[in-house]
């Protein structure tokens with residue numbers, strides 16, 4: 001296989017991925033609409049009403065079971081694709097906010113850490129937050145005492 005053939009295959013794969021991304025995005029957006037729910041509910045109603053016509057046969061039951069299984073199977077992948085894109089977009093936005101703010105830049109990219117490393121980092125952050133809360137409460141108490149002392153002196 002030549003380098004040119006490889007480039008064509010990669011371009012074809014990229015085009016197929018773009019097509020899948022577009023299809024997944026459109027389908028997941030459509031699946032979340034109220035009209036899609038109404039259509040799905042109507043299919044169930046038509047199926048249920050047709051039960052007596054088909055004498056509630058095994059084939060009649062198999063039609064709805066097969067249909068729902070196929071739709072569920074495909075939707076799992078579409079929903080996961082949509083969630084992956086949303087998570088990646090949110091992560092980029094958070095990284096940019098961290099980068100341009102007073103937040104610690106060391107947090108950029110932490111989504112690539114292991115679960116154990118993330119747990120350790122979470123524990124450290126929670127510890128710092130508790131310490132800051134305690135410090136703020138202590139400052140508040142000192143301010144109240146200072147105000148009372150100043151009121152006594154002035155009053």
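Things to note:
- Test: residue in the range 49-70 that is under 30 Å from residue 89 (Cβ atoms), modelled with pLDDT of 95 or more, surrounded by 10 or more Cβ atoms within 10 Å (Cβ to Cβ) and in the same structural domain as residue 89 (by TED's automatic domain parsing): yes
- Long-range neighbours under 7 Å by Cβ, at least six apart or interchain, first residue surrounded by 11 or more Cβ atoms within 10 Å (Cβ to Cβ) within the range 85-96, second modelled with pLDDT under 85: 91/111; 95/108
- Residue check, residue 111 surrounded by 10 or more Cβ atoms within 10 Å (Cβ to Cβ) and in contact (Cβ under 8 Å) with a residue 12 or more places away in the chain: yes
- In this structure, residue 116 does not satisfy being part of a helix (DSSP H, G or I) and within 30 Å of residue 20 (Cβ to Cβ).
- Residues satisfying the stated conditions in the range 24-39, i.e. closer than 17 Å to residue 78 by Cα, modelled with pLDDT of 85 or more and part of a helix (DSSP H, G or I): 26, 27, 30, 31, 36, 37
The values are calculated or read from the model by the stated rules, or taken from the named source; none is laboratory data. Predicted model only: the values in this text are computed from it and were never measured. For neighbour counting, all protein chains shown are included, and Cβ atoms are generated from backbone atoms with ideal geometry for every residue, glycine included.
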